[in-house]
1. Tell me which of these Ile347 doesn't satisfy, since it passes every other one: (1) within 19 Å of Asn407 (Cβ to Cβ); (2) touching a residue at least 60 places away in the same chain (Cβ under 8 Å); (3) of a type in the set (Val, Ile, Thr).
2. Given the options Asn419, Asn388, name the one that is within 22 Å of Asp336 (Cα to Cα), open to solvent by 10 Å² or more (accessible area, probe 1.4 Å) and out of contact with any Pro (no Cβ under 7 Å at 6 or more places or on another chain).
3. Quick test of your reading of the structure: Pro435 fulfils all but one of (1) exposed (fewer than 15 other Cβ atoms within 10 Å of the Cβ); (2) in the same structural domain as Leu321 (by the TED database); (3) free of Cβ contacts under 8 Å to residues at least 24 places away in the same chain. Name the failing condition by number.
4. Out of everything in the range 576-594 that is more than 29 Å from the chain's Cα centre (by Cα) and of a type in the set (Gly, Ala, Ser), what residue ends up being surrounded by the most Cβ atoms within 10 Å (Cβ to Cβ)?
5. Any residue in the range 599-606 that is modelled with pLDDT of 95 or more, touching a His at 6+ places or on another chain (Cβ under 9 Å) and assigned to a strand (DSSP E or B)?
6. State the number of residues belonging to the range 396-442 that are out of contact with any Leu (no Cβ under 6 Å at 6 or more places or on another chain) and in a strand (DSSP E or B).
7. Would you mind telling me which numbered condition in (1) within 22 Å of Gly380 (Cα to Cα); (2) open to solvent by less than 10 Å² (accessible area, probe 1.4 Å) Gly268 fails?
8. In the range 443-546, which strands (runs of 3 or more DSSP E) lie fully inside it and hold 2 or more residues that are within 29 Å of Asn325 (Cα to Cα), among the hydroxyl-bearing types (Ser, Thr, Tyr) and at pLDDT 90 or above?
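The values are calculated or read from the model by the stated rules, or taken from the named source; none is laboratory data. All values derive from a computational prediction rather than experimental measurement. FYI the Cβ positions are ideal-geometry reconstructions off the backbone, even for glycines, and counts take in every protein chain you see. Just so you know, the surface numbers come from the protein's heavy atoms only, side chains and all, with ligands and any DNA or RNA stripped out. Shrake-Rupley method; radii C 1.70, N 1.55, O 1.52, S 1.80 Å.
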Amino acid sequence: MQSGRVVRGIGGTGLTLTLALALGCSGAEELPVYEGELRMFSVDHADGTHRMGYGLRTADGQSFELAFEGEPSVKPGDHVIVQAQPADALASGQPGQVGERLQVRSLEVVKSESDLVTSRDALVNGTPRTVRVAILPLVFPGTTARIDVNTARQRLDTVSAYYKELSYGAWTVQGDALAPLNLAKPANCNLDTIANAARAAARAAGRDLSVYAHVGFVIPNNPGFTDCACGLAWVGRPPAAGNSFGDGSLYTCTDPNAFAHEFGHGFGLGHASTARCGTGSAYKPNPYSSCPPDEYGNAFNTMGGGLGHMNAFQKSTMLWLDKCNNVRVSRDATYDLVPIQSASNGIQSLQIPTGDTVDGRPLYFWVEYRNPALASFNAGPGGAPEVNTGVHVDVAQDFRSDGGNRNPLLLDLAPNYPNTHRDPRLTSGRTFQDPNGRVSISVVSQSADKASVRVTFPGGGSGTNTCSDGSLPGGGTAPGPQPGSVVRLAAQHSGKCMDVPGSNLGSGTQLQQWSCNGTNAQAFRLQAAAGGAFNLVNVNSGKCLDISNSSTDDFGIVQQWDCNGTNAQAFRLTSSGGGYSLANVNSGKCVDVQSASIDDGAKLVQYSCHGGTNQSWNLR
């Protein structure tokens, strides 16, 4: 065994030691091992180019940029151990970094440690929320501040008013315009190099920056660097997908939209893009590859190109649209949509399956009605404000998804589909037909306060149209499980979803609970079985939920197995505590999250039914 392994940022856990020893004995090339919190960052350049990637922050405050071969199966906030080697530096034309680049050779996700969790603060769904932020101008020797306190105050006032309006009054972004801070010139323009130096200098001067969820550090004039970006931010996770803030951003641009945009990244939002499908085509299957996105193309939205209202997908993932503001539509219906700019208890968006996926996650058409006359913040192409009413349609994942490409794509639904996105509205009397014939979306009529939108499917569709909270549009509760419907089952005690680990396709894989992520490994089709029971068929693997070896004992393993029609694969779904219990027909015992654990990876077993919340499942 070689004992000279370099382990960076290790917090001293037993798991870490085990991994390091195992790697040391493997006979593989010795590479440094790093441990810390996985984070996502976004770099925005003044010329409209960008890049996004993953970073690692260790317990001792070091930051590294991680280079992967392909998209990793991880999410921001995961506590990870990576084996890596120094990667090639970025080309000089790609400014904006968070730290030294590492090429990842292996990665393992472990349980988060409390001392590694930074700037994480639970968000209360649907209730008022105050978020403290700050703008801090920096001054290096021989430089001057790029923004003065009065201008910073004006920017923060604009940003605060913007998020107050977009959240329908729920969010207060409370900003402090701080006096310029003098510090020695950092070694480079990496985000955490500067942020860590600034935080240390502030502490030495008796200024506590830890009271802020997010701090915007402004690079001085003529800093002596050539690799500083217009804006660079750590990306958080939005309220519907995990609740964390990216705690810092870096600026050379100081207009109001720059701060609103990078703060948006910190709150967990990606860019607002457009689908460039070519003249005469509004949509193509698998749009993220077949319609090359224009990253900042949505000029109506601050996460695109202007200080205007975000779209329905983004407002849902921030939980500013909640309850029955959003309806998931899978069968024919007509709904009146209240404008997205208005605070309302009515329906404001429709989420309609496209039948396509991105990064293994289902995609939806997100339909909203916009009336810019109802808003103070409007933006549009060429810097002109949005002025006309009409329906916008974006393509995006489910709003609860916590991974994969989360940038919504705005479709250009102007007549003849010009693909300029200067006026992408679908207006009264017109219909958008999915090119594969899977759904039609028609605007029946529109007025200042609503648009009537009709959705039709071949054969009328299937399943039940339900609100985001599981209720029925117009009031009432959903009619219960329906044969043929695809559901996700979330344990009431943890809020986490029934999941096939690693999207495994093999029989005998024990199921677990895992943070809901929108993948097909967490989607199950209900098929009618005898006596009103159901078989639960995993959409990803095509295999059935099954009690191993037809066990009738407590702690019998809940697994997936080739569907065989036995009672070991039949379950009665019975209303229980606001959700449903899943009682196996063969054993009479209930599907149970073992030990009522709230952790990712907790195993599913069968156990005597007792009505506990770890045996009650919400259908989504």
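1. Looking at each condition in turn, Ile347 falls short on (1).
2. Working: Asn419 fails: within 22 Å of Asp336 (Cα to Cα).
Answer to the selection: Asn388.
3. (3)
4. Ranking the candidates gives Ala583 first.
5. No; the residues of the range 599-606 include none that is modelled with pLDDT of 95 or more, touching a His at 6+ places or on another chain (Cβ under 9 Å) and assigned to a strand (DSSP E or B).
6. Residues in the range 396-442 being out of contact with any Leu (no Cβ under 6 Å at 6 or more places or on another chain) and in a strand (DSSP E or B): 8 in total.
7. Condition (1) is where Gly268 drops out.
8. Numbers: elements: 451-456, 489-491, 497-499, 512-514, 524-528, 534-538.
Those strands (runs of 3 or more DSSP E) span 451-456.
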